[in-house]
Structure formats: C-alpha cells, structure tokens
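A short write-up of the structure that comes next.
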Amino acid sequence: MTQVSLPPLGRDGDELLAEMKALRDRDADWYGGKVWSLVYHPGDELAAFIKEAHGLFFSHNGLNPTTFPSLRRFETEVVGMVSEMLRGDEDTAGTMTSGGTESILLAVKASKFYMQAQRPDITQPEVVSPISAHPALDKACHYLGLKLIHTPVREDYRADLDAMREAIGPNTVLVTASAPSYPHGVIDPIEAIGALAQEKGLCFHVDTCIGGFMLPFLRELGHDIPPFGLEVPGVTSISCDAHKYGYAAKGASTVLYRNRELRRHQFFVYTEWTGGIYASPSLAGTRPGGSIAAAWAMLNRMGWEGYKDFARRCLATTHQLIAGIEAIDGLFIIGQPDMTIFAFGSDRDDIFGIGDELSQRGWALDRQQTPPSLHLTVMVHHEQVAGQFLEDLRWAVNQTRRVSPGNLGRKLGVSFTKSLMRNLPDPWVKRLTGLAKKMGGDDVMPKRQAAMYGMMGELPDRGDLHEMVLDMMDRLQEPVDAQPANGGASASTGPPADELPNDVSPASGA
Ligand SMILES: *Cc1c(COP(=O)(O)O)cnc(C)c1O
C-alpha cells in the first residue's frame, strides 16, 4: 500500500466537506437519472424524510435488541409488512439484513443446516440453480463451501424445470429461482419448482430481492403476476430488498422463512465466550440502527398506495422505453420482461459499441453477456429522462454505424477499456494488446470497451478472465494515486486515476 497518512492534526470540517462534495460532483450523475442501476431515488422530499429517520437512529446498534426496543419493533414490523406483501402467514419468520447478498447467504446457510440436521448423511451439500440467479448465490455457496450446480434457462430465459430435475442428486439440499431474474427481468416457474422441491424433499429459496417491492403492487394494479411468494407450496425461504424498489436507505433487506424452525438454523449462538453469552441473528455483528429505522419509516410513509403509485409509474416508463427501443432498427428486447427491469441487444450493431456511445453522453448501463446486452432498471426518477434517453440511444446507434477506424482512435479509451487497462498490471496489458493485434486491427491499443469485450471473448479460457478481474480488483483497492509497485506502463497511459468512469465494473447487479 502506498503511503496515505492520517493527518497529524485534524483538518477543518468545512474544508473536508467541500472536498468531499467536489469528489462527489465527478461521480456518475445518478441524480439526473443517468444511471440505470445502483441508486433508487424516491425524490427529494422522501429522500429528506428517510435521511431524517436514519439520522435519529444513526448511533443505535441493532446487535442487541434488548438495549434498543425501538429497533426491535422496527425490524419485526418491517419483516411483518414484507411477509404480508409476499403472502406469508402466521408461521412466517424473518430477519432484516444489510442487503440481498446477506439475505441470500443466510438463506443458504439456514437451508444447509436445516437439511443436514435431518439428513446427517449429506456431507457435501449441493445447490441447484438456473444460470440466471444473481451471483450473490454463487458467493454464498463459495463462502459456505457448498457446490453450486447451474442449470440452463429455456429460450424465454426462464429456469428449465427438466434441467433442474436432472441436476438434483442425493447431496442436493436446496434449489433456487428468481422472481424476477436480474439480467432479463423474467420470473422463473416458481410453482413448478416448488412442486419439484416438495417432491424431492428439498429447501427452495426464491430470490425476489429486486421484485419483492414491485410484483405485489403490479398485481394489485391488475397485472397478471403468477404466484411467486410464500403462498407457493414448497417455498421455504425468500429474500426481498427494501433498499431497491422499497426505496429505503441502503443496508436494508429481509430474509423470510416458512417457519421459525428454518430461521433458527440461521442464528448463531456461542455460550462459552469469556465475554459472555453471544447471540447474533445474522451475518453482521454490529448492525446499523439507521438502516433498520429508515426502512421502517419508508414502508410506513409509502404504504400500499404509495408503492402502487411508484409501481404504476415505473411500469409506464418501462413500456415507453421498450416501445422506443423496439422502434429502433436492429435493437430488440431480450425475452419478455415481467416488470420494470430488462435488457436489450442488437442483431445489427455492436451493442457494447452502442453502450460506449451512450457513456459519452453520461448514461451508465450495465453490460451483460450471453447474450450481449445492455441492462436497465427503471425507477421513478427515470420518468423525466426516458425521452432524452431514447433520443440519445438513436444517436448512439447512428454513431456506432458511422464508426470508422479513425473515429475509433479519436475516442481512445473513453470508458471501460481505459480504466481496465490502467488498472491491470503490465503483463496483462501486453497480452491484451497482442490479442487486439491478432484480431485484425493494426492499432496498438484496444480502443474501446466494445473492443475490450471482444478481446475478453478471445482469451484462451475463463480462468484467465478470472485472474484478470482479480488483478483489477487489487488495483481498485489501492489508493487512487498509487503507482504500481512494478512501475507498470499502464498507469501512465490514462487520465488521472480518480477519473475512473462509472462503468468500471462490467456488471453491478443491484
Ligand atoms: C440486487 C440483487 C441481489 C443482491 O442484493 P445486494 O443488495 O446488492 O446485496 C440479489 N438478487 C437479485 C435478484 C438482485 O437484484
């Protein structure tokens, strides 16, 4: 780590805040609606309200609910409200967590321990899940040492039931599905998978992290939403993020179980500690009271009607966007999205090239693979920018068609390519440059993200890509002004390191 020092004397508070604001001003313009993921903004008035609620409990710690009965009340009531939304009953039990990832991790943990309590013969537990599942599941299995078996999706991008059935073996403890999946916004056949789980005696987790605060309200509005919640026989757990379409402060999700027995397997208790008896419901020890309190405040402030209104508006904007995109020659929507997240591709132009052009105008979209596509999560604050986005998209498509080698050069490394290049150690840069040459361009450096993705496809195997991303993460975890320890050339080729574009990561998934 390069030297970054704690200032010997504390710095002036106003000066620090001014510096922070200046840094913030150079971030992606989510407030202007340019970012199609990551930030769920309910509007200024509600945001101010949530901040106030958060501030009231800023110092509280949710680890010990007996010290803070207020937080206990908030947490249990949030879980109760979500349980009603997801059609739980009096047996349903749940916990608030820091996010979808923690909710899924805990569901996997509880399922594993619950199943092994009944089937001690299972020593190498396995999970079966469609490839469209959020990587939080892969992460959970990776952390907990479970083997995850991915099954294909059907042509409509929904889970393939037959493939899941075939993948289930004697060591399977859990199957999962999404309502909807993040990449393509489609709901897996939850009822059929529930029946399969029951037949095989397995746990079944439904990931409704992104859909939990949208689908129930679309259903209330009269849209045809298939059963996906705890009313479906066979579902044993479900995850639902308040900090996505619940528009709560970040750090707020829920995990719910069919009954208390399942939830007990989530808890951790250690009675022998010299410091006393330790009991922790979730992954975190210390839990930020502000996030719990703000979620409670937001759910109550919105109510069914508030969320219904948001759902109606998001869906209307989604339909406007989909119609506009389909009207552009060559572009198409991937699958038939069930709510307000979707992806589009192109059968005529390079979709990542289009994404690069959009980046020039400040738009930030996730890049997705298999099939190559750009992803949009539509939120209320996108209402005002949908028209502008479509206009810029038409422009971007035309730009992409006009791209000549000359104007590729002009835009040298504007987005991902440059940030990746400057965040990769030297050997990688050499290697990728070599690949770029091999791909037919006489340019020395890969110019744009589109080229980058093309090259990633050319890498001999996915293991290389894995290593490359690990190396990039190493760099990103260093102070921005750090020079690479090996004096690599990559650091001298780009803009100042703090000018990383917002789409430095290929996918955000949130
Ligand atoms: C966002 C998301 C997650 C992960 O949630 P985090 O809050 O980012 O940890 C999991 N599953 C789906 C479907 C999601 O959209």
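The values are calculated or read from the model by the stated rules, or taken from the named source; none is laboratory data. Please read all numbers here as calculations on a predicted model, not as lab measurements. Note that each Cβ is placed from the backbone with ideal geometry, even for glycine, and that neighbours are counted across all protein chains shown.
Here is how the numbers come out for the structure above:
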item	result
All positions within segment 200-216 that are part of a helix (DSSP H, G or I) and away from the ligand (no atom under 16 Å from the Cβ)	K200
The lone exception for A159 - which of (1) touching an Asp or Glu at 6+ places or on another chain (Cβ under 9 Å); (2) within 14 Å of the ligand (Cβ to nearest atom); (3) in contact (Cβ under 8 Å) with a residue 40 or more places away in the chain; (4) not charged (D, E, K, R) it fails	(3)
Subset of segment 455-493 that is under 20 Å from Q3 (Cβ atoms) and touching a Leu at 6+ places or on another chain (Cβ under 9 Å) - its residue that is modelled with the lowest pLDDT	G488
Residues of segment 208-244 satisfying the condition of being of a type in the set (D, E, K, R) and either surrounded by fewer than 24 Cβ atoms within 10 Å (Cβ to Cβ) or within 28 Å of M115 (Cβ to Cβ) (or both)	R219, E220, D224, E231, D241
Out of D366, D347, D338, D356, sole residue that is touching a strand residue (DSSP E or B) at 6+ places or on another chain (Cβ under 8 Å) and crowded, with 23+ Cβ neighbours inside 10 Å	D366
Odd one out for S111 among (1) assigned to a helix (DSSP H, G or I); (2) surrounded by fewer than 22 Cβ atoms within 10 Å (Cβ to Cβ); (3) more than 15 Å from the ligand (Cβ to nearest atom)	(2)
Condition broken by G290, with the remaining ones in (1) part of a strand (DSSP E or B); (2) more than 29 Å from A159 (Cβ to Cβ) satisfied	(1)
Test: D309 is crowded, with 24+ Cβ neighbours inside 10 Å and acidic (D, E)	no
Sole exception among (1) within 21 Å of D188 (Cβ to Cβ); (2) assigned to a strand (DSSP E or B); (3) within 16 Å of the ligand (Cβ to nearest atom) for A140, by number	(2)
Condition met for L262 (surrounded by 13 or more Cβ atoms within 10 Å (Cβ to Cβ), in contact with a Leu (Cβ under 7 Å, 6 or more places away or on another chain) and aliphatic (A, V, I, L, M))	no
Lone unmet requirement of (1) out of contact with any His (no Cβ under 8 Å at 6 or more places or on another chain); (2) assigned to a loop (DSSP other than H, G, I, E, B); (3) at pLDDT 95 or above; (4) over 13 Å from A93 (Cα atoms) for C240	(2)
Unique match (being in contact with a helix residue (DSSP H, G or I) (Cβ under 9 Å, 6 or more places away or on another chain) and within 11 Å of the ligand (Cβ to nearest atom)) among S282, S253	S253
Any chance Y247 is out of contact with any strand residue (DSSP E or B) (no Cβ under 6 Å at 6 or more places or on another chain) and surrounded by 22 or more Cβ atoms within 10 Å (Cβ to Cβ)	yes
Lone unmet requirement of (1) away from the ligand (no atom under 16 Å from the Cβ); (2) touching a residue at least 60 places away in the same chain (Cβ under 8 Å); (3) within 30 Å of H134 (Cα to Cα); (4) surrounded by fewer than 19 Cβ atoms within 10 Å (Cβ to Cβ) for R24	(2)
